[in-house]
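Where a number appears in this text, it was derived from the coordinates with a stated rule and is not lab data. It should be emphasised that the depicted structure is a prediction, and the values quoted were computed from it without experimental measurement. Neighbour counts run over all protein chains shown; Cβ positions are idealised from the backbone, glycine included.
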Amino acid sequence: MASCYYYYWLLLSLSLLSLARGLHSSAGDADPIYKTCVEQCEKTGCVGENCFQHCKFSSDGKPIDGPWYLQEPLYLQWKQWDCRSDCRYHCMLTREEEREKLGDSPVKYHGKWPFRRVYGLQEPVSVALSALNLAIQFHGWVSFFILVYYKLPLRPNKKTYYEYTGFFHIYAILAMNSWFWSTVFHSRDVELTERLDYSSAVALLGFSLILAIVRAFNMRDEAARVMVAAPVIAFVTTHILYLNFFKFDYGLNMKVCGAMGVAQLLIWGIWAAVSRHPSRWKLWVVVVGGALAVLLEIYDFPPYQGFVDAHALWHATTIPLTYLWWCFVKDDAEFRTSSLLKKAK
Ligand SMILES: [Zn+2]
């Protein structure tokens, strides 16, 4: 019974997740006052007192067909701060102010909560937290590197005693890549940055699933590792290609990520429970913390003061968890090394 209930809860959460992230038109942009505002703005180039340079460009009547260097500055093109995006943003702010005066709670616009930009960054809090996550991953990796290559003894062939060193190097690179694109995506959400963020996250999740299986089952020989890695890599690669070149399906992606995430949390959780690993409590905290953090992605709430939403908080919780995770990895390297050395004596 308990397991059925769990399964139901999981399915429900996953479907809620896909709803929250999957709908790209939302209550906010269906509002006729907002719609009229955007239409007006695209004609006049202004919302109230605010007028936008980019709108003059296209509503001048001049078609933009001069050489590229006479058109909008390239950096602005990259940011896609065109007329429509400016209009949508300012109409959203105006409409949300009116709604707030009437005592209404915030609604989503085009699939996103109304965030306030800071220096052109769309979700400044998520940007800062993603950058911090990147820094913590880098710190964890560097300290792991120093531990296994400089502090712990090396084998006669200059390799580390710890059998999973290579896996953690790949893990660290994929994690840093993923946080880098998360930082970019939250700064400016366009199709390209979204794809890069989602694809890197899927790659990281897939690889950490391989890592969980290989470590938890003590797979030391090459053949067994390949047997685990090959199907997961094939599946993840197919999924990434499907998302980018066939259909960018948010619902499907959430199911795939959810399944891979739950699988590795279960593997680590069970392993931490049954193994006599001296640092298993650290792993336990990471697993329980990770599972609780997923709740933040499910109970999606609007940004407080236009800045801190559930997703930003989720990125905040991964910072201490990542720190503890690398602590566990370093303990594990030490533990394996010392038990291998004891055996050798
Ligand atoms: Zn994010």
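Please list the non-local residues whose amide H lies under 5 Å from the amide H of F248, H modeled 1.01 Å from N, same-chain partners needing a gap of 5 or more.
none
When only alpha-carbon atoms are used, what values of Rg and Dmax, in angstrom, describe region 124-344?
18.1, 60
I'd like the chymotrypsin sites (Phe, Trp or Tyr not before Pro) in region 270-345 restricted to DSSP loop residues with at most 13 other Cβ atoms within 10 Å, sorted by number.
Working: sites: W271, W281, W284, Y299, Y304, F307, W314, Y323, W325, W326, F328, F335; in loops: Y299, F307.
Passing sites in region 270-345 are Y299.
Taking the Cα-to-Cβ direction at S105 and at W281 and moving 7 Å from each Cα, how far apart do the two end points lie in nm?
Label at S105, label at W281, 3.9 nm between them.
Evaluate the distance, in nm, between pseudo-label points positioned 7 Å from the Cα of R220 and of K151 along their respective Cα→Cβ axes.
So the two model labels end up 2.3 nm from each other.
Add +1 for every Lys or Arg and -1 for every Asp or Glu among the other residues with Cβ under 14 Å from the Cβ of R99, and state the total.
-4
Evaluate E = 1/(1 + (r/R0)^6) for V142 and Q53, where r is the Cβ-Cβ distance and R0 equals 45 Å; express this FRET efficiency to the nearest 0.05. Could you put the intermediate results ahead of the total?
Values: r = 44 Å, r/R0 = 0.98.
For V142 and Q53, the calculated efficiency is 0.55.
Straight-line reach from K247: which lysines have Cα under 25 Å away, leaving out those fewer than 8 places along the same chain?
Result set, ordered by chain and number: K79, K108, K112, K255.
Take K342 and A273, extend 7 Å from each Cα along the Cα→Cβ direction, and tell me the distance between the two endpoints in nm.
2.6 nm
How high is the relative contact order of region 80-162, in percent, counting Cα pairs under 8 Å that sit 6 or more residues apart? Walk me through the numbers on the way to the answer.
Values: 30 pairs, mean separation 9.0, N = 83.
11 percent.
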